[in-house]
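These notes are about the structure you will find just below.
The values are calculated or read from the model by the stated rules, or taken from the named source; none is laboratory data. In this text the structure is predicted, and so the values were computed from the model without any measurement. For neighbour counting, all protein chains shown are included, and Cβ atoms are generated from backbone atoms with ideal geometry for every residue, glycine included.
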Amino acid sequence: MGIDSASQINDNSLTANTGRLKKRVRMTKDVLLTRVAAIISALGETGGSPESMLYIFCEMDMQAWELVRDILLRSRNIEIKGHYVTLTPFGRETAKAIDAAMANKGGR
C-alpha cells in the first residue's frame, strides 16, 4: 500500500489531506504505523468496535482518526458499517501476523 497523491512524507513526518475537508494532519510514520497496528490487533481480539472507541483508544483527535481510518480502509483491513468497525478477512490475517510478530519480539 502506498501513500496517495494527496499525501507526502517529508523528514519522517506525514502530512496528509484527509479528503472531504482537506485538513492537514501531522504525525511521524512511526506513530501512524503504531496506531494502525494497534487498531488492527485490538479489532482482532474484540471482533469489532465503534469508531469513537478506536480513536479514543489511540488518543487521536478526529483529524488523525480520519487519516488512520482512510489508510485502514484503502489497505482493505477494515470495513465500517454505521460507524462500527470490523476486520475484513485480510484484516484478520494481518492481525494474526502482527500478534505473532509481537509474541516473537517478546520472546527475545
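Quick rundown of the values:
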read-out	value
Pairs where the first residue, in region 48-70, is farther than 17 Å from Leu87 by Cα and modelled with pLDDT under 95 and the second is of a type in the set (D, E, K, R) and surrounded by fewer than 17 Cβ atoms within 10 Å (Cβ to Cβ), C-beta under 6 Å, 6+ apart	Gln63/Lys23
Residue in region 28-47 that is farther than 23 Å from Ala100 by Cα, modelled with pLDDT under 95 and in a strand (DSSP E or B) present	yes
Hits in region 68-86 - residues which are surrounded by 15 or more Cβ atoms within 10 Å (Cβ to Cβ) and of a type outside the set (Asp, Glu)	Val68, Arg69, Ile71, Leu72, Ser75, Asn77, Ile78, Val85, Thr86
Looking only at region 38-59, and only at residues there that are among the hydrophobic types (A, V, I, L, M, F, W, C) and surrounded by fewer than 21 Cβ atoms within 10 Å (Cβ to Cβ), the one that is farthest from Val25 (Cα to Cα)	Ala42
Test: residue in region 60-74 that is closer than 19 Å to Val31 by Cβ, under 14 Å from the mean Cα position of the chain (by Cα) and not in a helix (DSSP H, G or I)	yes
Filter result (closer than 19 Å to Lys29 by Cβ and in a strand (DSSP E or B)) within region 75-108	none
